[in-house]
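Below is one structure, written out as C-alpha cells; the observations come after it.
The numbers here are math on the coordinates, done by the rules we state, and not lab data. Because the structure is a prediction, the values reported are computed rather than measured. Every residue, glycine among them, receives a Cβ derived from its backbone with ideal geometry; neighbour counts consider all protein chains shown.
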Amino acid sequence: MLDLILSNARLMGTDELTDIGVREGAFAPPEMEAREVIDLEGGLVTPALVEPHIHLDAVLTVGEPRWNLSGSLFEGIAIWSERVQDLTIKDVKRRVRKVLRWQLANGVQHVRSHVDVCDPELRAVRALLELREEIGQQMTLQLVAFPQQGIQSFDGGEELMKKAVGLGVDVVGAIPHFELTREYGERSVKFAFALAAEHGLQVDIHCDETDDDHSRFSEVMAAETIRLGLEGRVTASHTTAMGSYNNAYAYRLINNLRRAHLNMVTNPLDNSVLQGRFDSHPIRRGMTRVKELLDAGVNVCIGHDSVMDPWYPLGYGDPLQAAFVLAHYGHMSGHRELKTLFEMITYNPARALGIEAYGLEPGQPADLVCFAAPTEMDAIRLVAPRRLVLRGGHVVARTEPARTTVVWDGKEEAVDFLR
Ligand code: FE2
C-alpha cells in the first residue's frame with residue numbers, strides 16, 4: 001500500500017499525464033493502492049527547485065539606512081557597508097526566517113547562500129550557521145564564506161575567511177574583480193582554492209561581475225580547478241564580463257571552463273539592472289554567455305541573487321521569476337529553450353551544489369513541485385503559482401490559484417489565461 005498517489009501529473013520534459021507514487025517519504029512505482037490520492041489535474045511537476053545563489057544575510061534590508069537612488073552596484077555596496085554596522089544575529093535571523101518561508105512556498109528546497117565575512121565579529125555567518133541547524137530537514141542550506149570587500153584588500157581578510165571555515169561554512173568564496181589590483185585578485189582566487197582544498201570544501205566565487213573586459217579571473221578559476229583536481233566542485237557566479245570579451249578570447253575561455261567542469265551561475269534579476277551602468281547607447285546587457293556555455297556542454301544555473309536589498313529592491317525568492325527574465329534578457333524564448341530554463345532551476349543547480357539524492361525517479365526522496373499550469377511554457381509565461389510543494393512525501397506548501405472573472409455582455413465569466 002502506497003502512502004500517496006499524485007494522479008494526472010505532467011512531469012517536466014514529457015507530454016503525457018502520469019501518476020506518481022509515494023511510500024515512506026520516497027517516490028515509488030504508482031501501480032498499487034494508496035491511503036490518499038491527490039488529483040493534480042494535469043499540472044506541471046518538477047523536482048524541488050534549487051536556489052544556487054542568494055545573499056540571505058542582506059535580504060529585506062532595502063532602504064536601510066538609506067535608499068539606493070542610482071540603483072548602481074557601487075552605491076549598493078556603499079549602503080551595505082553602512083547597514084552592516086548595526087547587524088545583529090537576531091536581526092539577520094528574523095529576516096532570513098521570513099525569506100526561507102517565501103522560498104519554500106515557491107518550491108525551493110535547497111539553497112546556497114553567500115554570507116558576508118567582512119565583519120570582525122562574523123555576525124551574519126554565526127546567525128546563518130545557527131539557522132542551518134534550526135531548519136533541520138525542512139530545507140537544505142549551504143553557506144559560502146563571501147568576502148564582500150575583498151580578501152587581500154580588506155584588513156584581516158584572509159583571517160576572517162579562515163575563521164568562517166573554522167566555524168563550519170560549506171563553501172569558500174572570493175570577489176577577485178573587486179580587489180585593489182589584478183594581482184590581488186589572482187592571489188585571492190588562489191587563496192580561496194587552497195583553503196577549500198585544505199578543508200575538502202567546494203568553491204563558489206563571485207567572478208568578473210563587471211562590464212570591464214579586462215576582468216579575467218574565470219581563466220584563473222579554470223586553471224586552479226584543473227591544477228588541484230577539483231573538477232565539478234567549483235562554481236563561477238555572475239561572470240558578466242564574459243558578455244564584453246572578444247569572441248576569440250571567449251571561445252578559448254569557454255573551452256577551458258568546460259575542461260575544468262566548472263559550474264556557472266547567471267543572475268538575471270540583479271545583473272539586468274546593475275550592469276551597463278557606464279555605457280551610453282548602445283547599453284550592453286551585462287550578462288554571461290549563457291547560450292554559448294550551454295552549447296559547449298557547461299553546466300549553467302539560474303540564481304536569484306538578491307531579495308529586497310541595497311542592490312535589488314524587488315523579488316520574492318522565486319527562481320521562476322528569474323527564469324522569466326532570462327527568457328527575455330538571454331534570448332531564450334525558443335520552444336526548447338523554455339524547457340532548458342526549467343533545467344537551470346532544478347537539475348543543473350542540483351548538480352552544482354552536489355545534491356545526490358535528487359529527481360523524480362522511484363527511490364529518490366519525494367520532493368516535488370506542482371505548478372498551476374500545464375506546460376513549461378505556460379508556467380514561465382504566467383510565473384505560475386505553486387499549487388503544491390512536497391518534501392519527503394508531505395505537503396509543505398500550498399497555493400490556491402487566484403480566481404479571476406470578467407463581465408462580458410453583462411454576464412460574469414471566468415478567465416484562466418490558458419488557451
Ligand atoms: Fe551575488
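Things to note:
- Filtered by the rule that a residue be over 22 Å from the mean Cα position of the chain (by Cα) and either polar (S, T, N, Q) or under 19 Å from E224 (Cβ atoms) (or both), the range 162-188 gives K162, E179, T181, R182, E183, Y184, G185, E186, R187, S188.
- Criterion: of a type in the set (K, R) and either within 16 Å of the ligand (Cβ to nearest atom) or part of a helix (DSSP H, G or I) (or both) - qualifying residue of R277, R258: R258
- Meets criteria (under 19 Å from I54 (Cβ atoms), surrounded by 15 or more Cβ atoms within 10 Å (Cβ to Cβ), within 13 Å of the ligand (Cβ to nearest atom) and under 13 Å from the mean Cα position of the chain (by Cα)) for T288: no
- In the range 262-284, the residues that are surrounded by 18 or more Cβ atoms within 10 Å (Cβ to Cβ) and touching a helix residue (DSSP H, G or I) at 6+ places or on another chain (Cβ under 8 Å): L262, N263, M264, V265, T266, N267, P268, L269, N271, S272, L274, Q275
- Qualifying residue in the range 302-324 (condition: in a loop (DSSP other than H, G, I, E, B), crowded, with 24+ Cβ neighbours inside 10 Å and away from the ligand (no atom under 16 Å from the Cβ)): yes
- Residue that is surrounded by the most Cβ atoms within 10 Å (Cβ to Cβ), among those in the range 216-246 that are within 15 Å of the ligand (Cβ to nearest atom) and in a loop (DSSP other than H, G, I, E, B): T239
- If only residues of the range 138-157 that are touching a residue at least 60 places away in the same chain (Cβ under 8 Å) and touching a Cys at 6+ places or on another chain (Cβ under 9 Å) are counted, the one that is farthest from the ligand (Cβ to nearest atom) is Q149.
- 1 or more residues under 25 Å from L4 (Cα atoms): qualifying strands (runs of 3 or more DSSP E) within the range 329-419: 368-371, 386-391, 394-398
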